[in-house]
Every structure is written in C-alpha cells, then in structure tokens.
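Laboratory data are not the source of any read-out in this text; all were calculated from the coordinates shown. Keep in mind that this is a model prediction, so the values were computed, not measured. Cβ coordinates were reconstructed from backbone atoms using ideal geometry, including for glycine residues, and neighbour counts include every protein chain displayed.
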C-alpha cells in the first residue's frame, strides 16, 4: 500500500460532502503480527455507517479487493458499535490515459 501525502484531500472531501464525518486516516489493523492500513475512515450520517476508503495508485488487483474486504469484516466484527449498520467499502483508483491503473 502506498503511503499518503498530507491529506488536504480528506479535509476537502469531508467539507464538500456534508454527510461524511472524518474519523481516521491510516487506521492500523494487525493480523497474525502483520500490520495493514486502511487509508481513510469516514462516518456517513445518512446511511449511519462507517465508510472505509482505500486509495490506489498502483494497478488494482483481486488481492487488493480481498484485503479491503478483510478490513471491512474486521472493522464490523471488532471495532464498530453493535447498533451500527454494516460498514461500506470504497476503492478510489487512479486513471491514466483513460484506463484504470
């Protein structure tokens, strides 16, 4: 996973989309002594759920999608409140020359 630059992006996103509340950036999950990081976590006030966002600058693979699904499952099982609805997953992928990178 790529490291994130200074995230003025997250502030702009949370300001422009008033239904989202910024919660965390670079949230660490530990599985079998290995650390993994989800790039951004927002709370959606309309859906009343957390939205986990992964920013991809490399080619998107099935492994990436599986890893993000692992994050969502872990978040729902161990972190979110019992009364909350299921977390959502968003993957933002860079587009170059009209193609997904």
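Given 37 °C and 0.692 mPa s, how large is the Stokes-Einstein diffusion coefficient of the range 19-100 in µm²/s, with Rh as the Kirkwood radius over Cα pairs? The Stokes-Einstein estimate is 243 µm²/s. Put in order of Cβ neighbour count within 10 Å, fewest first, the listed residues 52, 46, 65 become 46, 65, 52. Between residue 86 and residue 37, residue separation times 0.36 nm minus the direct Cα-Cα distance comes to 15.7 nm.
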